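Undergrad: One structure follows; several queries about it will come next.
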Amino acid sequence: MNKDDLNEARTNPDFLIYLEAAMQNSIKNQNIEMMYEILDTMLVLDLEEEKTNKIYDEILKVASKNLEEKLEKNELLKLENSDFLTIRAFYELAIEKWSNSDFELAKALFFTLANGINDEFLKKNMEVLLVNLSKELDFEDFYEEFVDKDELESKEEYGYFITSFNFDVDDFLKNHQEFLQKEYENLKHLIEKRK
């Protein structure tokens, strides 16, 4: 979409009515896929922040329910369908919390995700983030210093996640095993099977 197309969509009353109805329907049906489509559309069109926040809050509610169900069943999240969107929701929330220097909540979110996903590549990359959170490194500083911005992940399923660093991930994790073990001990209660 070019600038004129965006402006047309942003000011088209029929489209805005449709978008509002679709938002209400997705919330009513707790459809995280539809909610994300609407959220992404609202963000591209730069629509009202209040409505954008409302749909994002609903996404987090559905994602929380999905994650809780997986934890109760002792199942792992997969990088597909609603599981993928659950991972995306918590990942985005963790990045937001880290950006606001809420290191403890960001660590808890990344830890829960890293131990709740069925993808070794993404798990290792989240563990890199955990180590840097343990050091209370500011997100912007971390991003500037350690993320390889020239090497963006080409696989679509990883497009929402930070997976390219200017160091070898396996070596980094090996050298920071002590940090990871400490965080595991501190946070393991978050993933232990519910009784």
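The values are calculated or read from the model by the stated rules, or taken from the named source; none is laboratory data. Predicted model, so just to flag it, every value in this text is computed and none were measured. Backbone-built Cβ (ideal geometry, glycine too); neighbour counts: all protein chains shown.
Undergrad: Output the residues belonging to the range 138-157 that are part of a helix (DSSP H, G or I) and at pLDDT 90 or above.
TA: Of the range 138-157, the ones part of a helix (DSSP H, G or I) are 139-146, 156-157.
Result: PHE139, GLU140, ASP141, PHE142, TYR143, GLU144, GLU145, PHE146.
Undergrad: Between a residue in the range 1-29 that is under 11 Å from LEU45 (Cα atoms) and any residue that is aromatic (Phe, Trp, Tyr), which pairs come within a Cβ distance under 6 Å, given they are 6 or more apart or on different chains?
TA: Listed pairs, sorted by first residue: ALA9/PHE15.
Undergrad: Among residues belonging to the range 170-195 that are in contact with a Phe, Trp or Tyr (Cβ under 9 Å, 6 or more places away or on another chain) and in contact (Cβ under 8 Å) with a residue 24 or more places away in the chain, point out the one that is farthest from LEU71 (Cα to Cα).
TA: Start the filter on the range 170-195 by keeping residues that are in contact with a Phe, Trp or Tyr (Cβ under 9 Å, 6 or more places away or on another chain), which leaves 172, 183-184, 186-188, 190-191.
Narrowing the set further to residues that are in contact (Cβ under 8 Å) with a residue 24 or more places away in the chain leaves 172, 183-184, 187, 190-191.
Details: PHE172: 28, GLU183: 19, TYR184: 16, LEU187: 15, LEU190: 9, ILE191: 7 Å.
It comes out as PHE172.
Undergrad: Let me ask you something else. Name the single residue, out of those in the range 1-36 being surrounded by fewer than 16 Cβ atoms within 10 Å (Cβ to Cβ) and under 25 Å from the mean Cα position of the chain (by Cα), that is modelled with the lowest pLDDT.
TA: Ranking the candidates gives GLU20 first.
Undergrad: Inspect the range 46-56 for any residue being free of Cβ contacts under 8 Å to residues at least 40 places away in the same chain, closer than 18 Å to TYR160 by Cβ and either in the same structural domain as ALA114 (by TED's automatic domain parsing) or in contact with a Phe, Trp or Tyr (Cβ under 9 Å, 6 or more places away or on another chain) (or both) and give the result as yes or no.
TA: yes
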